[in-house]
Amino acid sequence: MKYIMFEDFSGAAVPVIFPSRINFDEMREQMPYTTALSAGYITLTDEGVRCHGQSKSLQLEAGPDDAAIIRTKFEDAES
């Protein structure tokens with residue numbers, strides 16, 4: 001799976017996770033948010049979420065806090 005981390009209209013980081021067959025730039029064009037913060041690949045491991053890699057087309061890479069942000073979004077959804 002791939003992801004792009006956007007900054008929403010309130011300044012919060014919002015991840016968008018999508019299938020690997022969709023190009024980063026194609027997904028970017030579909031999103032209303034003006035700022036893309038980071039992008040890469042997401043993998044689920046025994047330890048949890050792992051973010052890695054980069055998007056050459058967006059000139060962005062996985063950020064050090066991306067996995068924690070994504071994990072928090074899933075935890076909030078379960079509440």
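The values are calculated or read from the model by the stated rules, or taken from the named source; none is laboratory data. Bear in mind the structure is a predicted one, so any value in this text is a computation, not a measurement. Cβ sites come from the backbone with ideal geometry, for glycine too, and all protein chains shown count toward neighbours. Keep in mind that these areas ignore ligands, DNA and RNA; they rest on the heavy atoms of the full protein, side chains included. Shrake-Rupley method; radii C 1.70, N 1.55, O 1.52, S 1.80 Å.
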> Roughly speaking, to the nearest percent, how much of the chain's 1.4 Å accessible area is carbon and sulfur?
Replying inline: 48 percent
>> At 1.4 Å probe radius, can you tell me the per residue accessible area of the chain in Å²?
In response: 65 Å²
>> Given points 7 Å out from each Cα along the Cα-Cβ axis, report the A68 to T43 separation in nanometres with one decimal.
In response: 2.2 nm
> Quick one: what does P(r) look like for the chain with 10 Å bins over all Cα pairs, in whole %?
Replying inline: 19, 55, 24, 2
